[in-house]
1. Calculate the dipole size of the chain relative to its Cα centre from +1 charges on Lys and Arg beta carbons and -1 charges on Asp and Glu beta carbons; express the result in debye to the nearest 20.
2. Modelled label-to-label distance, SER20 and LEU240, 7 Å Cα→beta-carbon offset: nm?
3. How much net charge surrounds LEU230 when only the other residues with a Cβ under 9 Å from the Cβ of LEU230 are counted, with Lys and Arg +1 and Asp and Glu -1?
4. For each pair in LYS27/LYS187; LYS22/LYS79; LYS25/LYS162; LYS27/LYS79; LYS170/LYS213; LYS94/LYS256, compute the distance between the two Cα atoms and list the pairs where it is over 31 Å.
5. Among residues other than GLY201 whose Cβ falls under 13 Å from its Cβ, what is the net charge (Lys/Arg +1, Asp/Glu -1)?
6. Given the Cα-Cα distance of LEU11 and TRP164 and 0.36 nm per residue of separation, how much length would full extension add, in nm?
7. Quick one: net charge around VAL349, please, counting Lys, Arg +1 and Asp, Glu -1 for every other residue with C-beta under 14 Å from its C-beta.
8. Computed FRET efficiency, Cβ-Cβ of HIS380 and GLU118, R0 41 Å: what is it to the nearest 0.05?
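Please treat every number below as a calculation from the coordinates, not as lab data. Everything quoted here is computed from the prediction, not taken from an experiment. Heads up, the Cβs are rebuilt from the backbone with ideal geometry, glycines too, and the neighbour counts pull from every protein chain shown.
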Amino acid sequence: MNIFYNAAMHLMRGGAALGSLKSAKLKKMRQGQQATMDYLADKFSANDRPVWIHAASLGEFEQGRPLIERIRREFPGRKILLSFFSPSGYEVRKNYPMVDAVCYLPFDTPARARRFVELVNPSVAIFVKYEFWGNYLEQLSRKKIPTYIISAIFRPDQVFFKPWGGTFRKMLRCFDKLYLQDDASQKLLAGIGVTNTAVVGDTRFDRVTDIMKATTEMPEIESFAGSGSLCVIAGSSWPLDEDVYIPWFNRHPEVKLIIAPHEFDDERLRVLEGKLSNGSARLSTFSGDNTPQALIVDCFGKLAAMYRYCNVAIVGGGFGAGIHNINEAAVYDLPVIFGPKYSKFKEAVDMVRLGGAFSINSRDEFERIMDTMLDDSTRHQAAKIAGDYVRSQLGATDAIYADLAPLFRDR
């Protein structure tokens, strides 16, 4: 890569080192990256040639997961390496049993990228959605290692399509094939001469459907949700979201509310409990003997299974960096409500256009939409649209796997 890109990578690395003095997350990332090379040397021999799958964070991992599990199921002897850049992915999935190794991806400097690729010596490399690391891609290309990106989506405002984006356009030419979410991405790429593409959709739809089929019963949630006229679930909720939706529930004690905060340290939960006027309980101590209006989820791994017991979903993040996973809710035929920052998420744009999801900018807009959700007919119509949309998008994993399966055999 050129000198400016490499200088930026060294600056990022230096910034992370300074930030780690104050940030526990950055400290974990830095320590994890420092351990990566020794870890990989212990895990793999030169002849193992694992399938390497890289995801930035937890959300991208969920997009790659259907393909990972398909490879493991069909080729149980094929070794698989999963790498993350973000602690929010690695720390949650570092013991993921469907792969042979999980590591942090070191910063994309020339020396680290070269050593990483030499140590792993992958038979194939698969990046998920947004990961474009120039030195890693250059090393893979030099060694003629088949390299792909899945569930990718592109927008006109990205650097690839700017006059000064030549360095980044070069990265795209390192992929043997780009598996895209939509036709618009394919047209954008064709406009800059990248034609080794296929529109197959988003593997997240396959993943949320797999989760739905494997969901276990949660009798305590069923009992809680069934004790009111309506139950609404707020998934991956942030304080900015709560300031918008909680006042409506404080005036509607007959409507049940489940809140799954994106983060739930004790101080965060105490503040949240203080906003709720009609009583609340934490899931970890909830017995069902007394049923408050609100149930707060204070543990990981429960949210996806809870959607099935509810009638309407609020998905957080839309008043911050961007919405979280709305497909987890829509797959259960739930209308979905979220904040204004959703334009980068194709499924959200599509569902709003079709009438299965609703974006709100203010408390007044939320209350107007929730008032309509009290009408069974209106709510059921929106719910069917959301569920039908998810079902119409299935099949991306099958399409990608059909193309790549020969590469997963012993090489």
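1. On the way: 52 positive and 48 negative charges, 415 e Å.
Computed charge dipole of the chain: roughly 2000 debye.
2. Each label point is offset 7 Å from its Cα along the Cβ direction, giving 2.9 nm.
3. Spelling it out: positives minus negatives among the neighbours equals +1.
4. On the way: LYS27/LYS187 41 Å; LYS22/LYS79 37 Å; LYS25/LYS162 33 Å; LYS27/LYS79 29 Å; LYS170/LYS213 41 Å; LYS94/LYS256 35 Å.
Flagged as over cut-off: LYS27/LYS187; LYS22/LYS79; LYS25/LYS162; LYS170/LYS213; LYS94/LYS256.
5. -2
6. Values: separation 153, 0.36 × 153 = 55.08 nm, distance 2.03 nm.
That works out to 53.0 nm of additional length.
7. Working: positive: ARG155, LYS341, LYS344, LYS346, ARG353; negative: ASP182, ASP183, ASP202, GLU347, ASP350.
Net local charge, VAL349 excluded: 0.
8. Numbers: r = 57 Å, r/R0 = 1.40.
For R0 = 41 Å, the calculated efficiency reads 0.10.
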